[in-house]
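A short worksheet on the structure shown next.
The values are calculated or read from the model by the stated rules, or taken from the named source; none is laboratory data. From a predicted model like this one, the values you see are computed outputs, not experimental measurements. Because the Cβ atoms are built from the backbone with ideal geometry, glycine has one as well, and the counts that use them run over all protein chains shown.
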Amino acid sequence: MKSVPPSKEMGQNFGVSEHAAAGCLVEEELRKSEARYRTLFEESPVALWEEDFSAVQAYLLGLPDPGPSGWKAFLQDHPEIVDEAIRRVRIVDVNQATLNFLKVTKKEEVIEGFSQTITEETRSALLLQLLAILEGKRRIEFDAPGMTVAGEPLISALQWVAIGSDPVDYSQVLVSTSDVTLARQAEELQVQSYRAVQKAVAGTIYAMARIVESRDPYTAGHQQGVARLAVAIGREMGLEHEQVNGLMMAALIHDLGKINVPSEILAKPTRLTPLEFSLIQTHSQSGYEILKEIEFPWPVARMVLEHHERFDGSGYPQGLSGEEILLEARILAVADVVEAMASHRPYRPALGIEAALEEIRAKRGTSFDPRVADACLTLFLEKGLTL
């Protein structure tokens, strides 16, 4: 039997059917993809929120230009705008892990009770989300102190991600949440404990300093003067805050070892004999021996031991040089000389700050670390520091 070629109309119908079939396949894949997403969302052990920020975005985009101060300052100055933006946030869905996380049983309690979880601290976290939208960010991470719907304190670590391919679409934002309340509280307790230890250590050091100066009235205030100058030099050199704190503590007791030197030598109104001077020189080692077993947060004992070492190796008690000497000890060396020369001593009147600075300038790179010397000279000659 002779075959009959398909008519044009049949071909057109076949094409339409093929197109419809392809459309159905696409729709089926979309349904499967959505089903997989919903399953992953619901069954995830991680607390997940799905939020719609499209109304928030539309509101923010209608705001006036913030000018040179920027959006952050603008929003901080207009809390009413932040409040209005918060009211426009829509919670679309939450998973079971979120219900467990917030200690509620129904999704409606979270979706409808969202405003109840907002605290003054949480506002700052929401401000980050508003800024992310204004700046076109698609992902941010932050902590959000707040409370559960039941009113219990809660600190959440959140990952906020705008999903979808459109870079300006914030209608679907996925937020993963974990409870870090205990961890953050433990960190805060650790900080408080550390501060308490620092306070106790500082009190002990101040007591030690008073003991030293009670035996040597002519150098009363010397250690405090050295501490002030050493701290100024350390800051000028860009030392970290904690490093400067340690430097100050060591400076306050850098002459602690003098409690082992006879008081008549310390207060002698005439120039010391070589033997007497050798006894004075033992104070660095003596101070170290007193302090070495104390567990300071900083290398205080070593700073005390090395504060009479010299950059070229000519100092004592170990004859260290250059980088062998702790940086803080090199700073103490300069501060000690400047304060001592500028102040009165039993065997001579004060030489003055000009003579002290000339000494530092003359021995820069030999006795004294050139960086430390330069910082000291800059403070006095360019920045107006006074003792």
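From the list P167, P153, pick out the single residue that is of a type outside the set (A, V, I, L, M, F, W, C) and touching a Lys or Arg at 6+ places or on another chain (Cβ under 8 Å).
On the way: P153 fails: touching a Lys or Arg at 6+ places or on another chain (Cβ under 8 Å).
Residue meeting the stated conditions: P167.
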Which is modelled with pLDDT of 95 or more, on the phi < 0 side of the Ramachandran plot and acidic (D, E), of E295, E264, E276, E306?
-> E306
Residue list for the stretch 52-73, filter: exposed (fewer than 12 other Cβ atoms within 10 Å of the Cβ) and of a type in the set (D, E) | D65
Output the residues belonging to the stretch 207-241 that are over 22 Å from E289 (Cα atoms), aliphatic (A, V, I, L, M) and surrounded by fewer than 16 Cβ atoms within 10 Å (Cβ to Cβ).
-> A220
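Quick check, is R345 surrounded by 14 or more Cβ atoms within 10 Å (Cβ to Cβ), assigned by TED's automatic domain parsing to the domain that holds L252, closer than 22 Å to M237 by Cα and more than 33 Å from the chain's Cα centre (by Cα)? Show your work before the answer.
On the way: surrounded by 14 or more Cβ atoms within 10 Å (Cβ to Cβ): yes; assigned by TED's automatic domain parsing to the domain that holds L252: yes; closer than 22 Å to M237 by Cα: no; more than 33 Å from the chain's Cα centre (by Cα): yes.
Against the criterion (surrounded by 14 or more Cβ atoms within 10 Å (Cβ to Cβ), assigned by TED's automatic domain parsing to the domain that holds L252, closer than 22 Å to M237 by Cα and more than 33 Å from the chain's Cα centre (by Cα)), R345 does not qualify.
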Could you tell me whether the stretch 242-263 includes any residue that is crowded, with 19+ Cβ neighbours inside 10 Å, touching a helix residue (DSSP H, G or I) at 6+ places or on another chain (Cβ under 9 Å) and more than 28 Å from T386 (Cβ to Cβ)?
-> yes
Pick from the stretch 327-342, criterion closer than 17 Å to P317 by Cα and among the acidic types (D, E), ranking: surrounded by the fewest Cβ atoms within 10 Å (Cβ to Cβ) = D336
Tell me, which helices (runs of 4 or more DSSP H) wholly within the stretch 156-267 include 1 or more residues that are touching a residue at least 12 places away in the same chain (Cβ under 8 Å) and not assigned by TED's automatic domain parsing to the domain that holds D336?
-> 181-215
